[in-house]
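A.B. asks: Let me give you the structure first, and then I'll get to my questions.
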Amino acid sequence: MKKQRIVIKIGSSSLTSLNGSIDETKIRDHVRAIAALKKAGHEVIFISSGAVAAGFLQLGYPTRPVTLKGKQAAAAVGQSLLMKQYIQQFAEYELLCAQILLTRNDFVKRDRYRNAYATMIELIERGLIPIINENDSVSVEELTFGDNDMLSALVSGLIHADKLMILTDINGLYHENPVENPDAHRFDYIPDITEDLLSYASSSGSKVGTGGMKSKLLAAKTALSLGVNVFIGTGMGKDKLIQVLKGNGDGTYIGQSDLSSVNNHKQWIAFHSPISGKIIIDEGAEQALLEKGSSLLPAGVIDVCGNFAKGAVVKVCGPNGLAGKGQVLYSSEELLTIKGKRSDEVNCNKGIEVIHRNDWVSIKE
Ligand code: GLU
């Protein structure tokens, strides 16, 4: 099989026990399965949850803390305990791993986003296993990834992974809750995440993690939009990940084979960039952007809202609502003077585009 770049996300309940400590046996099973994938020549990036769940007991909490400072301190304890386990266990397979802790801000700031990418690629190319988690101990509550499911989708897009495997304690997506209805049927394969599917999925998670099936499907939707196919399911034993790769995994496969990946600049505009203002455009410009893949020119601009500098990312709205986001080549002040003008009426010594198509991302609502 061709060498693949695979992101594996494992949730807290598959790494820790309910009492707030690491479950070495569970981790051993995952580590040997990841080692088998590496041995087969694949590149692996491991998104590991479990920091809070692994640390709260040692911190003196009887159950998962609910306060922010409790969770953040538990993560500080648990993250190092997890890494100790991973370093020891991967060493048994002569594999090295490396920790990367990310915050939402690391994706919002473009230079940090680029650095995170470069570090991950360097580690992968040198044969190590990057182990990624959210930097829970310092993340600001309002500015988190939400859960590691979404983090794993964003990382998969960033490094242009071939596949995202989300391992959990349920073997895939069912049309109803299988605990309540034993006749619930599992979806073995779904081509896309529809609103209907999202409505089947419960948002409640386990007692030790944060994400439920709904958060996994939302993450899968993001991964698909970035060109990455997804598997959500479970498994046991050394070959479980190899079997997932071969199409024999115990879970739900999501996506189609002909997805194309999205370049990092467009991913940053679509998912991470701060929005500095809004441009209102006419119908012709809306069609040109959405249907013809053209750039936005001054003639199509009706109005400009907010104060922004050249290089800022703005929302663009047409007669049919939000059309997309793009990085502007003019400040809001300059734009107000050229809006509505034909290109030959604009006296400028730089490119005429307000937003070049390379800096544009269409958004379907
Ligand atoms: N980052 C959290 C942790 O390590 C887990 C988030 C999640 O459960 O998705 O505890």
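The values are calculated or read from the model by the stated rules, or taken from the named source; none is laboratory data. Everything numeric in this text was worked out from a predicted model, so none of it was measured. Cβ placement follows ideal geometry from the backbone for every residue including glycine, while neighbour counts extend to all protein chains displayed. Just the protein is used for accessible areas: all its heavy atoms, side chains included, with ligands, DNA and RNA removed. Shrake-Rupley method; radii C 1.70, N 1.55, O 1.52, S 1.80 Å.
A.B. asks: For LYS3, which aspartates and glutamates qualify as cross-link partners when the Cα separation must be under 16 Å and same-chain residues fewer than eight apart are set aside?
C.D. replies: GLU43, GLU125, ASP162
A.B. asks: Something else about it: Each residue of the range 33-42 in turn: what ³J(HN,Hα) in whole Hz from Karplus with 6.51, -1.76, 1.60 and θ = phi - 60°, glycine and Pro shown as x?
C.D. replies: Coupling constants for the range 33-42: 6, 5, 4, 5, 5, 5, 5, 7, x, 8 Hz.
A.B. asks: Based on the Cβ-Cβ distance from GLN243 to HIS185, what FRET efficiency comes out when R0 is 22 Å, to the nearest 0.05? Provide the component values of the computation, followed by the final result.
C.D. replies: Working: r = 21 Å, r/R0 = 0.96.
Efficiency computed from Cβ-Cβ geometry: 0.55.
A.B. asks: Beta carbons within 10 angstrom, averaged per residue: use that to sort the peptides 151-158, 107-114, highest first.
C.D. replies: The peptides rank, most packed first, as 151-158, 107-114.
A.B. asks: Quick one: if the Förster radius is 35 Å, what FRET efficiency do ASP258 and TYR93 give, using the C-beta to C-beta distance and rounding to 0.05?
C.D. replies: For R0 = 35 Å, the calculated efficiency reads 0.50.
A.B. asks: Residues with amide H under 5 Å of GLY277's amide H, sequence separation 5 or more or different chain, H placed in the peptide plane at 1.01 Å from N; which?
C.D. replies: LYS315
A.B. asks: Here's another thing I want to ask about it. ASN115 to ASP169: extension gain in nm, 0.36 nm per residue of separation minus the Cα-Cα distance?
C.D. replies: Residue separation times 0.36 nm, minus the Cα-Cα distance, leaves 16.1 nm.
A.B. asks: Give the angle, between 0 and 90 degrees and rounded to the nearest 10, that separates the Cα long axis of helix 68-91 from the longest principal axis of the Cα atoms of the chain.
C.D. replies: Roughly 70 degrees between the two axes.
A.B. asks: Quick one: grab Rg to one decimal and Dmax as a whole number for the range 95-191, Cα atoms only, in Å.
C.D. replies: Reported Rg and Dmax, both Å: 16.8, 51.
A.B. asks: Taking H as built 1.01 Å from N, whose amide H comes closer than 5 Å to the amide H of ALA323, not counting residues under 5 places away?
C.D. replies: So ALA323 has HN proximity to VAL316, CYS317, GLY318.
A.B. asks: Across the range 60-67, in residue order, what do the Karplus-derived ³J(HN,Hα) couplings come to in whole Hz, using 6.51 cos²θ - 1.76 cosθ + 1.60 with θ = phi - 60° and x for Gly and Pro?
C.D. replies: So the J values, rounded to whole Hz, are x, 9, x, 9, 3, x, 9, 7.
A.B. asks: What is the calculated FRET efficiency for SER199 to ASN347, with r their C-beta to C-beta distance and R₀ = 41 Å, to the nearest 0.05?
C.D. replies: 0.15
A.B. asks: Rank-order 231-241, 162-172 by packing density, defined as the average count of other C-beta atoms within 10 Å over each peptide's residues, highest first.
C.D. replies: 162-172, 231-241
A.B. asks: Could you go through the range 258-267 in sequence order and give the Karplus-derived ³J(HN,Hα) for each residue, using 6.51 cos²θ - 1.76 cosθ + 1.60 with θ = phi - 60°, rounded to whole Hz, and x for Gly and Pro?
C.D. replies: These are the phi-based 3J(HN,Hα) values: 9, 6, 10, 7, 10, 5, 5, 4, 5, 4 Hz.
A.B. asks: Separate question: Output the pairs from LYS69/LYS163; LYS38/LYS221; LYS221/LYS339; LYS71/LYS240; LYS214/LYS315 with a Cα-Cα distance over 30 Å in this structure; if there are none, say none.
C.D. replies: Too far apart for the 30 Å limit: LYS69/LYS163; LYS221/LYS339; LYS71/LYS240.
A.B. asks: Further question: Skip the ligands, DNA and RNA, and give the accessible area per residue of the range 200-348 with a 1.4 Å probe, whole Å².
C.D. replies: Averaged over the residues of the range 200-348, the accessible area is 45 Å².
A.B. asks: In the range 247-305, which trypsin sites (Lys or Arg not before Pro) are in a loop and have at most 11 other Cβ atoms within 10 Å, using DSSP for the loop call?
C.D. replies: Counting only loop positions with at most 11 other Cβ atoms within 10 Å, the trypsin sites (Lys or Arg not before Pro) in the range 247-305 are LYS292.
A.B. asks: In terms of modelled amide H atoms, which long-range or inter-chain residues lie less than 5 Å from the amide H of SER295?
C.D. replies: Counting only residues 5 or more places away or on other chains, the set is ARG357.
A.B. asks: Using only DSSP helix segments of four residues or longer, with each worth -39500 (n - 2.57), what per-residue ellipticity at 222 nm results for the chain after dividing by its residue count and rounding to 500?
C.D. replies: The helix-only estimate for the chain comes to -10500 deg cm²/dmol at 222 nm.
A.B. asks: State to the nearest 20 debye the size of the charge dipole of the range 53-125 about its Cα centre, where the only charges are +1 on K and R beta carbons and -1 on D and E beta carbons.
C.D. replies: So the dipole magnitude of the range 53-125 works out to roughly 580 debye.
A.B. asks: OK, next. Within the range 305-341, list the residues whose amide N lies under 20 Å from a label point set 7 Å along Cα→Cβ of VAL108.
C.D. replies: Residues 306-316, 325-328 fall inside that zone.
A.B. asks: Roll a 1.4 angstrom probe over the protein heavy atoms and tell me the percent of accessible area of the range 92-160 that is carbon or sulfur.
C.D. replies: 47 percent
A.B. asks: On to the next question. Take peptides 312-320, 119-127, 216-224 and line them up by average Cβ neighbours within 10 Å, highest first, as a rough protection proxy.
C.D. replies: Result, highest mean Cβ count within 10 Å first: 216-224, 312-320, 119-127.
A.B. asks: Along the Cα→Cβ direction, 7 angstrom out, place labels at ILE363 and GLU125. What is the inter-label distance in nm?
C.D. replies: It works out to 3.3 nm between the two label points.
A.B. asks: About the Cα centre of the range 1-97, what is the dipole size in debye to 20, counting +1 per Lys and Arg Cβ and -1 per Asp and Glu Cβ, all else neutral?
C.D. replies: Working: 13 positive and 6 negative charges, 67 e Å.
Here the range 1-97 has a charge dipole of around 320 debye.
A.B. asks: Continuing with the same structure: The chain: percent of C-alpha pairs farther apart than 33 Å?
C.D. replies: That fraction is 36 percent.
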